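Comments concern the structure below.
The values are calculated or read from the model by the stated rules, or taken from the named source; none is laboratory data. Note that the structure is a prediction, hence the values are computed from the model and not measured. Quick reminder, even Gly has a Cβ in these numbers, built from the backbone with ideal geometry, and neighbours come from all protein chains shown.
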2 protein chains.
Amino acid sequence: MNEALAALIDDIGDVTFSVEPSLLRRRSRDYFWYSQALAEDLRGKQADVIVTPRSEAEVVRVAAACARRRVPLTPRGGGTGNYGQCVPLQGGVVLDMSEMTAVEWVRPGVMRTQPGARLHLVDEMLRVGGQEQRLHPSTKRSATVGGFVAGGSGGVGSVTWGGLREPGNVLAARVVTCEETPRVIELRGDAAQKVNRAYGTTGVVTALEMPLAPLWDWIDIAVVFDSFAAACEAGLSVALADGVVKKLLTPISWPIPSYFGPFASACPEGHSLLIAMIAKPSLETFKTLIGSRGEIVHEKPFDESPAETPIYEYSWNHTTLQVLKIDRNVSYQQCLFPHDRLLDSVAEMVQLFGDEVWHHLEFIRFGGRVTASALPVVRFTSRERLFEIVEIYEKHGVFVANPHVFTLEDGSRHKRADADQRGFKAEVDPLGLLNPGKMRTYQPTRV
Amino acid sequence: MNEALAALIDDIGDVTFSVEPSLLRRRSRDYFWYSQALAEDLRGKQADVIVTPRSEAEVVRVAAACARRRVPLTPRGGGTGNYGQCVPLQGGVVLDMSEMTAVEWVRPGVMRTQPGARLHLVDEMLRVGGQEQRLHPSTKRSATVGGFVAGGSGGVGSVTWGGLREPGNVLAARVVTCEETPRVIELRGDAAQKVNRAYGTTGVVTALEMPLAPLWDWIDIAVVFDSFAAACEAGLSVALADGVVKKLLTPISWPIPSYFGPFASACPEGHSLLIAMIAKPSLETFKTLIGSRGEIVHEKPFDESPAETPIYEYSWNHTTLQVLKIDRNVSYQQCLFPHDRLLDSVAEMVQLFGDEVWHHLEFIRFGGRVTASALPVVRFTSRERLFEIVEIYEKHGVFVANPHVFTLEDGSRHKRADADQRGFKAEVDPLGLLNPGKMRTYQPTRV
């Protein structure tokens, strides 16, 4: 252990820390290995110490120590991201926020919570009062609220509410600056977007005010279609039906469903699925919209209990995970289709890549318009080809948030929050210690 | 009284009826006089008897009697429509449904009600359980559920849920046929659209299953802008913000606000308003979106109690009513702007008509897209000019549902339900007795 680190550990006093090697390894990783390029680029990058604060006061103490000792500081949530969000590019402290789990208060339509609260436990609590979180990633059962806001962009619920970057989907954030005398800053409204998808590089989030949704009785549904195009068309008709209350609408092309474990048998060889979460009172209308175009093969009240697999765990980037469980030789891609020629653009991509790219869409609202994002599964051949595929998508007018790069600037694209994150970083991280290198274009204002 | 009518009254036994002249006059009218053309065309059309059933069994008895005696039958709700919905074109029976007010059941997200239930009383009841109706017209405080479905197209709430014609916004309807032995038919899903905006010509509605929305604490808001264009732009940005929970978004151009009674003082001379209903937890985001573009001049928790004027009573066709209270020499127009060039199209119409047409918009969802419908106030010069204005709008790519004609076919246009209403009428009204002439193209299948 070097001198600075020893001094830092001394500075933080009774704040819990660990230098146990296997913990250092585990707490310095997320699911970046979905990308073979990131697996290569982030290999071996590791914290020197894991610090686990239990209060904002402890966060302040750690931030002060990092600033004083010029030691990098990288906050970490549940570690379910795919972009190396919690991988400390230059070592130092990984700040494990998983003990800061308190929900400070809940009101009709709003809650304020510490960042380490786990999304599924929060929903369990909210359910009692007839509310739930608007949005969650497919990793809901392990992810934290803070990790989601700091690295996510949307997910289950975005078909109704849009993504985290839409006005009103993050109401406020409280951050601790990384300075010798840290300040605590409350960001409200637009300003809260300064922490959205910034991977913790714009201050350590210690509280979030998040909007809530009224709770519905959700029904998990799967519908089989003859073709992917038919599943997409049916999905779009439901996405556009504002009278139908929905949380998830995911068309999935063959052969992806064959990788769905026990659920694989729901989809006959060569067919495509549309999986969905529909509010119980909208179920009849959903079925009317599907009509005779598809066959409902699964219909079950939503159940997140440990023995169950909720249908959202086949959607978003869990789709890739389901395939990876059986075949490690795949990767994925992240894109947003243009809303004004959505299905044509999808058809074009399907045509272009043949068996190399396996398609599935997520219907979402983006900027007030119904469109689809997608995390297609890609058969891995080479690193170069992964980047080539990105270029081909872009050349055809599909927006790509490249998941094979680890910097904020290169990866975010359409997922990027509409806020001056770099300008804000200069205020909160003058020494450039919040995971240096993650925001590639940032130049520290002090040394 | 003619022979058929006397026989009919004998047939209906103890079902309540009246031939009191002032009641005949009052119960044969709605607010069609907003259109000078309709005022002329519908003048003097009047029922021979008003019958007020208290149960479906009584409706069946009246329908049987009308069929047996070949007497026209015209159902009526609250009488708040603007298209002569309850005006019996060939006299006969006006069936006043206002006594059939029972809410049969309420479940999470759905209710089943008799048609005469008043919208505001239903909401009062639903509120206790944390729910409310998705949509209501600006005449909520006098209109009935049945009258709204039979003649309405949308209203307050359509900025979130779309109109009544969107899948899922009318779940089921029960109708009594007009035959010597009436049948009772349950229409579910798509089929329920056969009664939407059919003015009661496709069967007498005796029950409706309607979807409900979670109740929010609504805040009535008014914002002043320098120009109508600025109010429209700000409104559109809120309409497109899926994270903001809203029920009403109405930009209103000068001089309309000067007609708003005590509320007129909120808007300085020459300025425009944006009035809105925003859920309390979304208020901060709403204000952020408005920013410095406008000034909030009214902000008050929603209050529908008798002494209050909720802000929705300045929106939709209540806007016209507010002007008519002071100046009877105006009329209005009904249109839907194209979603893909919304503000350009609005600007074009503003430019085109100068002071002859006073503009206000209703942001809505239509077919899954954010757009705006409008009920502009028109300075009345002549009947011919009213129709000319319709043509000018249409020539410029704006859809018009002509409010100066009284037949279903000529008036509905984009408001028309997507269902074979004429085909269904042949089933339920073979003798053509349900307000003959209202569905102009219908030919009775029997005599």
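In the range B:194-244, the residue that is nearest to the other protein chains (Cβ to nearest Cβ) out of those that are in contact with a Pro (Cβ under 7 Å, 6 or more places away or on another chain) and in a loop (DSSP other than H, G, I, E, B) is B:Gly243. Do we have any residue at all in the range A:74-84 that's in contact with a Gly (Cβ under 7 Å, 6 or more places away or on another chain), assigned to a strand (DSSP E or B) and under 17 Å from A:Gly203 (Cβ atoms)? Among the residues of the range A:74-84, at least one is in contact with a Gly (Cβ under 7 Å, 6 or more places away or on another chain), assigned to a strand (DSSP E or B) and under 17 Å from A:Gly203 (Cβ atoms), which makes the answer yes. Under 8 Å between Cβ atoms, at least 6 apart or on separate chains: pull out the pairs that start in the range A:160-175 with a residue that is within 22 Å of A:Gly235 (Cβ to Cβ) and end on any residue that is among the acidic types (Asp, Glu). Filtered contacts from the range A:160-175: A:Thr160/B:Asp242; A:Trp161/B:Asp242; A:Gly162/B:Asp242; A:Glu166/B:Asp242. Starting from residues that are at pLDDT 95 or above and more than 13 Å from every other protein chain (Cβ to nearest Cβ), keep the ones in the range B:152-173 and report whichever is farthest from B:Leu321 (Cα to Cα). My answer is B:Ala173. For the range B:404-430, the set of residues classified as more than 19 Å from the chain's Cα centre (by Cα) and surrounded by 19 or more Cβ atoms within 10 Å (Cβ to Cβ) consists of B:Phe424, B:Lys425, B:Val428, B:Asp429, listed by residue number. Taken over the range A:251-266, the residue count meeting the criterion of being assigned to a loop (DSSP other than H, G, I, E, B) and either under 12 Å from A:Tyr314 (Cα atoms) or in contact with a Ser or Thr (Cβ under 9 Å, 6 or more places away or on another chain) (or both) is 3.
Quick one: B:Arg365 ticks every box in (1) assigned to a helix (DSSP H, G or I); (2) surrounded by 15 or more Cβ atoms within 10 Å (Cβ to Cβ); (3) not hydrophobic (A, V, I, L, M, F, W, C) bar one, so which box is it? B:Arg365 satisfies all of (1) assigned to a helix (DSSP H, G or I); (2) surrounded by 15 or more Cβ atoms within 10 Å (Cβ to Cβ); (3) not hydrophobic (A, V, I, L, M, F, W, C) except (1).
Okay, residues lined up against (1) closer than 25 Å to B:Glu356 by Cβ; (2) within 14 Å of another protein chain (Cβ to nearest Cβ):
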residue: B:Pro268; (1), (2): yes, no
residue: B:Ile278; (1), (2): no, yes
residue: B:Ser292; (1), (2): no, yes
residue: B:Glu299; (1), (2): no, no
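With the requirement that a residue be part of a helix (DSSP H, G or I) and among the small types (Gly, Ala, Ser), what does the range A:267-292 give you? Once the filter is applied, which keeps residues that are part of a helix (DSSP H, G or I) and among the small types (Gly, Ala, Ser), the range A:267-292 yields only A:Ser282.
Would you check if A:Val400 is crowded, with 22+ Cβ neighbours inside 10 Å, β-branched (Val, Ile, Thr) and within 20 Å of the chain's Cα centre (by Cα)? Judged against the criteria, A:Val400 is not a match.
Just to be sure, is A:Arg69 of a type in the set (Lys, Arg), touching an Asp or Glu at 6+ places or on another chain (Cβ under 9 Å) and surrounded by 15 or more Cβ atoms within 10 Å (Cβ to Cβ)? Here the answer is yes, as A:Arg69 does meet what is asked.
Within the range A:307-324, is there a residue that is within 14 Å of chain B (Cβ to nearest Cβ), buried (at least 18 other Cβ atoms within 10 Å of the Cβ) and within 25 Å of the chain's Cα centre (by Cα)? No - not one qualifying residue is present in the range A:307-324.
Among the residues of the range B:48-58, are any out of contact with any strand residue (DSSP E or B) (no Cβ under 9 Å at 6 or more places or on another chain), touching a residue at least 24 places away in the same chain (Cβ under 8 Å), surrounded by fewer than 21 Cβ atoms within 10 Å (Cβ to Cβ) and not aliphatic (A, V, I, L, M)? No: zero hits.
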